[in-house]
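What follows is calculated from the coordinates using simple rules that are stated; it is not laboratory data. Note that this is a predicted model, so its numbers are computed, not measured. All Cβ positions, even for glycine, are placed from backbone atoms using ideal geometry, and neighbour counts span all protein chains on display.
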Amino acid sequence: MGINVLKRGEYARSLELLSQLQKNTLQLIRMAEKNADNWLNMSKNLEKEISLENYKKFAKTTARLDKVELFEAYKNSLLLVMDLQSHLIEQYNLKVTHDILERLLNYISE
């Protein structure tokens, strides 16, 4: 949904939706790193509780209210979620495909 409103030019709304995506992404990071100490407040102690690698990747999912930054943040969010999904599929023996995420990545690049 955030990508759709972004592509329609609703930048403020897409920034709001990006915030929700970031919360869900932090949940995936914490699951992948087996660190759910702050499950209800995903960003609490984030700098101390997740790996530097994932922290840097997460930082790339942030944006100001700027068209170019928003597109980059959504693209980086999708790439990070795809990476985390691969890890979680293996870690928890899940049956999931990348199809929808790959289609979203292609859609945002159109």
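Some values worked out for this structure:
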{"quantity": "Proxy reagent accessibility, fewest Cβ within 10 Å first, across R30, R103", "calculated": "R103, R30"}
{"quantity": "Helix-only CD estimate at 222 nm, as mean residue ellipticity for the chain, using -39500 (n - 2.57) per DSSP H run (n ≥ 4)", "calculated": "-22000 deg cm²/dmol"}
{"quantity": "Cα long-axis angle, helix 99-109 against the chain (0 to 90 degrees, to the nearest 10)", "calculated": "40"}
{"quantity": "Which of I50, I89, I29 has the fewest Cβ neighbours within 10 Å, and the rest in rising order", "calculated": "I89, I50, I29"}
{"quantity": "Burial ordering of L80, L105, fewest other beta-carbon atoms within 10 Å first", "calculated": "L105, L80"}
{"quantity": "For the stretch 58-105 versus the stretch 17-57, the gap between their alpha-carbon centres in whole angstrom", "calculated": "13"}
{"quantity": "Cα-Cα separations in the chain greater than 23 Å, expressed as whole percent", "calculated": "29"}
{"quantity": "Spacing of the two label points (7 Å from each Cα toward its C-beta) at V68 and N35, in nm", "calculated": "3.3"}
{"quantity": "Gaussian network model of the chain, Cα within-10 Å springs - most flexible of S51, S14, S77", "calculated": "S51"}
{"quantity": "Computed lengthening from R8 to N93, 0.36 nm per intervening residue step minus Cα-Cα distance", "calculated": "26.8 nm"}
{"quantity": "Tally of Lys pairs whose C-alpha atoms are under 20 Å apart, taken over the chain, 8 or more apart or cross-chain", "calculated": "26"}
